[in-house]
Amino acid sequence: MLHRAGEIELPPVKRVVRNRIAERARPEPVMADNRPVRGSLHSITPLEFGQVRRTPEELLFNSLLEQYPCLGYEQPIGEHLKYLVKARGQVIACLAWQSAPRHLKVRDRYLAWSEEARERNVRLLAYNTRFLILPWVQVEHLASHLLGRMAKIVPQDWQRLYAHPIYWLETFVDTSRFRGTCYRAANWQVIGTTQGRGHRAPTFEQTRPVKQMLGLPLHRRFRELLSA
């Protein structure tokens with residue numbers, strides 16, 4: 001700040017540290033089967049749920065998220081899982097889960113855990129970062145059905161891959177664009193709204209849309225387990 005204000009003059013920068021995550025190439029477009037999928041939920045079941053992280057289909061997952069949703073693809077950080085959902089072999093949806101943010105006032109207040117318990121147990125939460133039903137898929141009640149199935153599949157895969165359980169799922173909904181009906185239909189609970197300041201905001205001013213936060217307990221004693 002003093003240098004920018006002209007009060008002092010710093011020596012020239014000797015080395016620039018590159019941010020390889022920020023410089024990561026965007027996913028290449030991959031052509032997907034875009035035949036229309038319409039009808040009742042019963043007409044397209046049974047569905048196939050595949051965890052595709054570290055598999056050849058991960059490229060298709062990344063490409064679909066880059067091409068179709070409004071938020072685009074972002075490389076997950078920390079523990080994470082990626083799922084493709086198929087009906088009769090055709091991909092109809094993508095869901096991404098990753099480690100939950102460490103500090104969320106609205107969630108921490110709802111769980112009523114101490115700062116020490118949060119530091120120990122935040123790894124026992126998972127965050128739904130992306131949920132995409134492909135635009136050529138129009139099936140009533142599909143979204144809530146997928147979320148209901150995921151609530152059973154994700155804890156099993158998390159335990160298998162990362163050797164610890166999860167007791168809580170969470171996500172955010174931008175209510176200026178979406179209603180979040182499918183989450184509520186799948187028994188997720190609205191636990192509050194964010195303040196729109198983002199992570200480590202330098203000021204108390206709102207810099208991004210206020211979002212609704214929803215959570216889903218995966219165990220009837222979730223508060224006790226997360227506060228242990």
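The values are calculated or read from the model by the stated rules, or taken from the named source; none is laboratory data. Remember, predicted model here, so these are calculated numbers, not experimental data. When we count neighbours, we look across all protein chains shown, and the Cβ atoms used for this are built from the backbone with ideal geometry, even at glycine.
Could you please find all residues in region 138-178 being β-branched (Val, Ile, Thr) and touching a Gly at 6+ places or on another chain (Cβ under 6 Å)?
The one that is β-branched (Val, Ile, Thr) and touching a Gly at 6+ places or on another chain (Cβ under 6 Å): VAL173.
With the structure loaded, tell me whether THR171 is surrounded by fewer than 18 Cβ atoms within 10 Å (Cβ to Cβ), of a type in the set (Val, Ile, Thr) and free of Cβ contacts under 8 Å to residues at least 60 places away in the same chain or whether it fails that test.
So THR171 fails the test.
Could you list, in sequence order, all residues of region 60-101 that are among the charged types (D, E, K, R) and surrounded by 18 or more Cβ atoms within 10 Å (Cβ to Cβ)? Break it down into steps so the answer makes sense when it comes.
Within region 60-101, the subset among the charged types (D, E, K, R) is 66, 74, 79, 82, 86, 88.
If the condition is that a residue be among the charged types (D, E, K, R) and surrounded by 18 or more Cβ atoms within 10 Å (Cβ to Cβ), then LYS82 is the only one that fits.
Starting from residues that are modelled with pLDDT of 95 or more and among the small types (Gly, Ala, Ser), keep the ones in region 147-195 and report whichever is farthest from the chain's Cα centre (by Cα).
ALA163
Name the strands (runs of 3 or more DSSP E) wholly inside region 64-180 in which the number of residues that are touching an Asp or Glu at 6+ places or on another chain (Cβ under 9 Å) and polar (S, T, N, Q) is 1 or more.
90-99, 125-133
Could you give every pair whose Cβ atoms fall below 7 Å, whose first residue belongs to region 106-129 and is more than 16 Å from GLY192 (Cα to Cα), and whose second residue is surrounded by fewer than 15 Cβ atoms within 10 Å (Cβ to Cβ) and not β-branched (Val, Ile, Thr), counting only separations of at least 6 or pairs across chains?
Sorted first by the residue in region 106-129, then by its partner, the pairs are VAL122/ARG102; ARG123/HIS164; LEU124/HIS164; LEU124/PRO165.
Could we say that HIS141 is within 18 Å of THR181 (Cα to Cα) and surrounded by fewer than 20 Cβ atoms within 10 Å (Cβ to Cβ) here?
The answer is yes for HIS141.
Scan region 35-53 for residues that are out of contact with any Leu (no Cβ under 8 Å at 6 or more places or on another chain) and either part of a loop (DSSP other than H, G, I, E, B) or modelled with pLDDT under 90 (or both) and report the count.
Counting residues in region 35-53 that are out of contact with any Leu (no Cβ under 8 Å at 6 or more places or on another chain) and either part of a loop (DSSP other than H, G, I, E, B) or modelled with pLDDT under 90 (or both) gives 5.
Return the residue satisfying two criteria in turn: it lies in region 1-34 and is closer than 17 Å to VAL91 by Cα and surrounded by 10 or more Cβ atoms within 10 Å (Cβ to Cβ), and of such residues it is modelled with the lowest pLDDT.
Per the criteria, the residue is PRO29.
Only one of (1) free of Cβ contacts under 8 Å to residues at least 40 places away in the same chain; (2) surrounded by 15 or more Cβ atoms within 10 Å (Cβ to Cβ); (3) hydroxyl-bearing (Ser, Thr, Tyr) fails for THR55. Which number is that?
All conditions are met except number (2).
If the requirement is being under 30 Å from GLU28 (Cα atoms), among the aromatic types (Phe, Trp, Tyr) and at pLDDT 95 or above, which of these qualifies: TYR68, TYR127? Spell out how you get there, then give the answer.
Working: TYR68 fails: at pLDDT 95 or above.
Being under 30 Å from GLU28 (Cα atoms), among the aromatic types (Phe, Trp, Tyr) and at pLDDT 95 or above holds for just one of TYR68, TYR127, which is TYR127.
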